[in-house]
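Asker: Pasting a structure here, questions to come.
The values are calculated or read from the model by the stated rules, or taken from the named source; none is laboratory data. Not measured: the values here are computed from a predicted model. Please note: Cβ atoms are built from the backbone with ideal geometry, for glycine as well, and neighbour counts cover all protein chains shown.
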Amino acid sequence: MKIIFMGTPDFATFILDELNNAGHDIVLVITQPDKPRGRSGKLSPSPVKKWATEHEVPVYQPAKIRDEESIEYLSKIDADIGVVAAFGQILPKKILDMPRFGCVNVHASLLPKYRGAAPIQWAILNGDKKTGVTIMQMGPGLDDGDILLSREVDLTGNETGGELFDTLAQLGAKSAVEALELIEGGKISPIKQDESLATHVGMINKSMGLIDWNKPAKEIERYVRGLNPWPTAYTSLKGKNLKIWQSHVVSDVEADAGKRDVAKSDNNKSDSNMSDQNKSNNKSDSNKSGEYKSGQVCHIDKKSLYIMTGDGILSLDEIQLEGKKRMAVSSFLLGNQLLLGEELG
């Protein structure tokens, strides 16, 4: 089919590749205008524009797709269908109705759940057991069109936002090709969304990464994963920004083991792998959780850094102190002395 493709980020390029490889004719790519990047403010094209340039596909970059100028321009394009993936603007009905089969959207959630922006991250942040992609016939509202096809993915509880992004981008690409084949063959039956089940989510912003240590450990751990690689979960240590790249909720077994480690260190003062200061601080029977407030270091050994939260303990596994590279906590502790009771955030 002849396709007008509308999208902006990396997610959309997976779909472009799959449609192109399946033999569809991408007659036009529409993407957001180039944006200034970095300190220099130099204009940088979107990933979708880069793809189009490399594949010699015409590109259109309207500041506002709803303007009469855009509508007039697109009315002259001969296309069978419009495919939209994370474009970033709401299309007017005039444009939706232009292609022979209208416009379909590749949305990275199981609609009607998570209409709006950043559905991939929110599935992790909210602790969902499954997510997926939906191919939807677009209407004038926000992600409220009829469902044409959906495909599910089980979540393990270990994936990061970046890993789930790649999984759903690949699934969305294959699902888009599948849906277009069914549409062209007249073999698809649209299903109306259940409005009573609709949920909306907003954009992810950098401030969301600031850890509130009063929250439960399991919720903080989800934010660490869901906001990786951007904007990352972060806190502060001794006045410096501290990014948390990987963490896990401490189990009762680990907590008991930590207590045994403390007792062992009390009787083994020659342990060369720990600083004298960390040893002396561990002698205070440190793992009694009631002694510590949310955000305080409640256990340290040569490979572990436990932080008290509003409910449970979080182990920091991979971190990055301001001005330093990412590293395992075991490496960080070799060159940095911390005190039990030291406060983060």
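Asker: What's the number of the condition F332 fails, among (1) crowded, with 17+ Cβ neighbours inside 10 Å; (2) assigned to a helix (DSSP H, G or I); (3) at pLDDT below 95?
Answerer: Here F332 meets the rest and fails (3).
Asker: So, of the residues in segment 110-135 that are free of Cβ contacts under 8 Å to residues at least 40 places away in the same chain and not in a loop (DSSP other than H, G, I, E, B), which turns out to be farthest from N158 (Cα to Cα)?
Answerer: Filtering segment 110-135 down to residues free of Cβ contacts under 8 Å to residues at least 40 places away in the same chain leaves 128-132, 134.
Narrowing further to those that are not in a loop (DSSP other than H, G, I, E, B): 130-132, 134.
Details: K130: 12, T131: 14, G132: 16, T134: 23 Å.
Result: T134.
Asker: Output the number of the condition that Q193 fails; it satisfies all remaining conditions of (1) in contact (Cβ under 8 Å) with a residue 60 or more places away in the chain; (2) within 18 Å of A86 (Cβ to Cβ).
Answerer: Result: Q193 passes all but (2).
Asker: I would also like to ask the following. Are any residues in segment 312-345 among the basic types (K, R) and within 22 Å of the chain's Cα centre (by Cα), and if so, which ones?
Answerer: Filtering segment 312-345 down to residues among the basic types (K, R) leaves 324-326.
Those that are among the basic types (K, R) and within 22 Å of the chain's Cα centre (by Cα): K325, R326.
Asker: Just to check your reading of the model, which residue among P112, P45 is at pLDDT 95 or above, in contact with an Asp or Glu (Cβ under 7 Å, 6 or more places away or on another chain) and over 23 Å from M136 (Cβ atoms)? Steps first, answer last, please.
Answerer: Numbers: P112 fails: over 23 Å from M136 (Cβ atoms).
Just a single option satisfies the conditions, and that option is P45.
Asker: Another question, if that's okay. If a residue has to be surrounded by 20 or more Cβ atoms within 10 Å (Cβ to Cβ) and either touching a Lys or Arg at 6+ places or on another chain (Cβ under 7 Å) or assigned to a loop (DSSP other than H, G, I, E, B) (or both) to count, how many in segment 30-40 make the cut?
Answerer: Step one: list which residues in segment 30-40 are surrounded by 20 or more Cβ atoms within 10 Å (Cβ to Cβ), which gives 30-32.
Next, only the ones that are either touching a Lys or Arg at 6+ places or on another chain (Cβ under 7 Å) or assigned to a loop (DSSP other than H, G, I, E, B) (or both) stay: 31-32.
Counting residues in segment 30-40 that are surrounded by 20 or more Cβ atoms within 10 Å (Cβ to Cβ) and either touching a Lys or Arg at 6+ places or on another chain (Cβ under 7 Å) or assigned to a loop (DSSP other than H, G, I, E, B) (or both) gives 2.
Asker: Test of understanding: among L142, L168, L164, which residue is surrounded by fewer than 17 Cβ atoms within 10 Å (Cβ to Cβ) and under 23 Å from the mean Cα position of the chain (by Cα)?
Answerer: Working: L168 fails: surrounded by fewer than 17 Cβ atoms within 10 Å (Cβ to Cβ); L164 fails: surrounded by fewer than 17 Cβ atoms within 10 Å (Cβ to Cβ).
The match here is L142.
Asker: Of these, I77, I71, which one is farther than 20 Å from M1 by Cβ and in contact (Cβ under 8 Å) with a residue 12 or more places away in the chain? Outline the logic, then answer.
Answerer: Details: I77 fails: farther than 20 Å from M1 by Cβ.
On inspection, the qualifying residue turns out to be I71.
Asker: Starting from residues that are in a loop (DSSP other than H, G, I, E, B) and in contact (Cβ under 8 Å) with a residue 60 or more places away in the chain, keep the ones in segment 5-29 and report whichever is nearest to L168 (Cα to Cα).
Answerer: Only one residue fits best here, namely P9.
Asker: If you don't mind, another one. Where the second residue is surrounded by fewer than 17 Cβ atoms within 10 Å (Cβ to Cβ) and modelled with pLDDT of 95 or more and the first is on the phi > 0 side of the Ramachandran plot and lies in segment 287-309, which pairs have Cβ atoms under 9 Å and are six or more apart or on separate chains?
Answerer: Filtered contacts from segment 287-309: G295/D212; G295/N214.
Asker: If you take the residues of segment 67-89 that are more than 27 Å from Q170 (Cβ to Cβ) and not acidic (D, E), which of them is surrounded by the fewest Cβ atoms within 10 Å (Cβ to Cβ)? Even if it seems obvious, please write down each step before you answer.
Answerer: Filtering segment 67-89 down to residues more than 27 Å from Q170 (Cβ to Cβ) leaves 67-78.
Those still in the list that are not acidic (D, E) too: 70-71, 73-77.
On the way: S70: 20, I71: 15, Y73: 15, L74: 22, S75: 10, K76: 7, I77: 16.
This residue is K76.
Asker: I would also like to ask the following. Please go through segment 185-231 and give me each residue that is in contact with a Pro (Cβ under 9 Å, 6 or more places away or on another chain) and in a loop (DSSP other than H, G, I, E, B), ordered by number.
Answerer: Q193, D194, A198, T199, I204, N205
Asker: Ok, one more. Look at K64 and say whether it is free of Cβ contacts under 8 Å to residues at least 24 places away in the same chain and either out of contact with any Pro (no Cβ under 7 Å at 6 or more places or on another chain) or surrounded by fewer than 18 Cβ atoms within 10 Å (Cβ to Cβ) (or both).
Answerer: Working: free of Cβ contacts under 8 Å to residues at least 24 places away in the same chain: no; either out of contact with any Pro (no Cβ under 7 Å at 6 or more places or on another chain) or surrounded by fewer than 18 Cβ atoms within 10 Å (Cβ to Cβ) (or both): yes.
Answer is no for this residue.
Asker: Considering (1) assigned to a strand (DSSP E or B); (2) in contact (Cβ under 8 Å) with a residue 12 or more places away in the chain, say which one V57 fails and leave the rest.
Answerer: It fails just one condition, (1).
Asker: Name the single residue, out of those in segment 65-123 being within 20 Å of A179 (Cβ to Cβ) and among the aromatic types (F, W, Y), that is nearest to the chain's Cα centre (by Cα).
Answerer: Among them, the one singled out is Y114.
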